[in-house]
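The values are calculated or read from the model by the stated rules, or taken from the named source; none is laboratory data. Just so we're clear, the structure is a prediction, and the values are computed from it rather than from any experiment. Every residue, glycine as well, gets a Cβ built from its backbone with ideal geometry; the counts of neighbours run over all protein chains shown. Side chains are part of the model used for accessible areas, which takes the heavy atoms of the whole protein and leaves out ligands, DNA and RNA. Shrake-Rupley method; radii C 1.70, N 1.55, O 1.52, S 1.80 Å.
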Amino acid sequence: MLYRLARSLLFSFEPEKAHHIAFKILETIDKVGALGVLGERLPNNPVNTMGISFPNRIGLAAGLDKNGAYLDVLGKLGFGFIEIGTVTPEPQDGNAKPRLFRISPCEALINRLGFNNLGAVNVANNLNKSKYKGILGINIGKNADTPISQAHLDYKFCLQKLYELGDYFTINISSPNTQGLRELQKKILLDKLLAEITHERDLLAEAFGKKKPLVIKVSPDLDMVELHDLTHIIKHHSIDGIIATNTTLSRDYVEGFPHSQQAGGLSGKPLFSRSTNILKKLHQSLGKSSTLIGVGGITSAEDAVEKFQSGAQLIQLYTGLIYQGPGLLKKLAHIKP
Ligand SMILES: Cc1cc2nc3c(=O)[nH]c(=O)nc-3n(C[C@H](O)[C@H](O)[C@H](O)COP(=O)(O)O)c2cc1C
């Protein structure tokens, strides 16, 4: 009810502006001490996976807090884990505005933000200042002007700068808004990339005395051959987890609605079946060898149950939160696979 009111106010602003206003509102609510109440009411529903003890299975997906600037308020909403980023080595502005669009009748968004973020060093400073004590995933990527042949250097740089500060690291090779990035999901490039990144992680594990899990975030637009090759390589490199999925280039279920032809990745309800299909296929080929994190179009308890039944051990939310607010977490936090 309260969020419905807030939403009608927020949706009167253009989407990116609304995003910033929403965080200001959250910070104000936090200052009067009312934010913690939301998280405290959630049931305890812990799970152990990837060597991490998660207080519950519901996480915040990457992209909402790209710079780890809002962890203190987000941490009070009751998420079992929060993933920040995508973080690149150098700061970058991303694509020209407008670059975020609502398709409200479909509870969907299209974004082509293009990894706007402050860069690894500034993000590390934000994290050092934060009081958040929950489980933190850090999603890393490459700068727009780094050639694909040099991409591994960007991921390694981000790992080095942020290793101490995250509980797990997500290798984002599936955003549709950085030219050529999805090429890294292909057999030969992926094999080389994962060899480089796992080697770097192993060096850091030795230096810091702790081996931190690596997770790969995949696209919902992979065909069966690509998916088959990808799972083979993921197994070969003993990757700890897979996030299925990022946004889609498909316009299924939104055609004809305003903004549906905007370039970028589509998220929210129309993505649900496509991302769940990929999740099922990954589960069939990987079994329990990697932790599966289901994300894409979750807007109800039924959706969450279906993600768990399709093999997810953890799930993440983004667009559902924009349309339904933090109350969505409350609907999901008690669900067990
Ligand atoms: C505005 C916006 C920005 C996003 N930015 C990122 C990002 O920087 N890195 C990333 O891995 N995923 C990003 N995503 C994808 C989400 O993390 C998630 O995978 C996707 O939106 C599907 O989940 P949903 O349908 O619940 O939104 C972004 C999504 C949206 C809507």
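Here are the numbers for the structure shown:
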item: Selected residue [open to solvent by less than 30 Å² (accessible area, probe 1.4 Å), part of a helix (DSSP H, G or I), away from the ligand (no atom under 14 Å from the Cβ) and under 23 Å from F81 (Cα atoms)] from F308, F272; result: F308
item: Filter result for I110 (aliphatic (A, V, I, L, M), at pLDDT 95 or above and open to solvent by less than 20 Å² (accessible area, probe 1.4 Å)); result: yes
item: Set D145, D154, D202: member being under 22 Å from L113 (Cα atoms) and assigned to a helix (DSSP H, G or I); result: D154
item: Residues being under 17 Å from the mean Cα position of the chain (by Cα) and either charged (D, E, K, R) or surrounded by fewer than 18 Cβ atoms within 10 Å (Cβ to Cβ) (or both) - total across the range 120-136; result: 0
item: Inter-residue pairs, beta-carbon under 7 Å, first within 21 Å of V295 (Cβ to Cβ) and in the range 258-272, second open to solvent by 10 Å² or more (accessible area, probe 1.4 Å) and more than 14 Å from the ligand (Cβ to nearest atom), 6+ apart; result: L266/R251
item: Single match in K211, K217 (criterion: in contact with a helix residue (DSSP H, G or I) (Cβ under 6 Å, 6 or more places away or on another chain), under 27 Å from N122 (Cα atoms) and either part of a helix (DSSP H, G or I) or charged (D, E, K, R) (or both)); result: K211
item: Of the criteria (1) open to solvent by less than 30 Å² (accessible area, probe 1.4 Å); (2) within 12 Å of the ligand (Cβ to nearest atom); (3) over 18 Å from D65 (Cα atoms), which one T146 fails; result: (2)
item: Where a residue in the range 181-208 is within 25 Å of D145 (Cβ to Cβ) and its partner, wherever it lies, is open to solvent by 60 Å² or more (accessible area, probe 1.4 Å) and modelled with pLDDT of 95 or more, with Cβ under 7 Å and at least six apart; result: E183/L189
item: Checking H259 against (1) open to solvent by less than 40 Å² (accessible area, probe 1.4 Å); (2) out of contact with any Asp or Glu (no Cβ under 6 Å at 6 or more places or on another chain); (3) farther than 18 Å from F81 by Cβ, the condition it does not meet; result: (1)
item: Verdict on K235 being assigned to a loop (DSSP other than H, G, I, E, B), among the basic types (K, R) and under 29 Å from F308 (Cβ atoms); result: no
item: Among (1) in a helix (DSSP H, G or I); (2) in contact with a Leu (Cβ under 6 Å, 6 or more places away or on another chain), the one test that I138 misses; result: (1)
item: Matching residues, the range 13-52, being surrounded by fewer than 17 Cβ atoms within 10 Å (Cβ to Cβ), polar (S, T, N, Q) and touching a residue at least 60 places away in the same chain (Cβ under 8 Å); result: N45
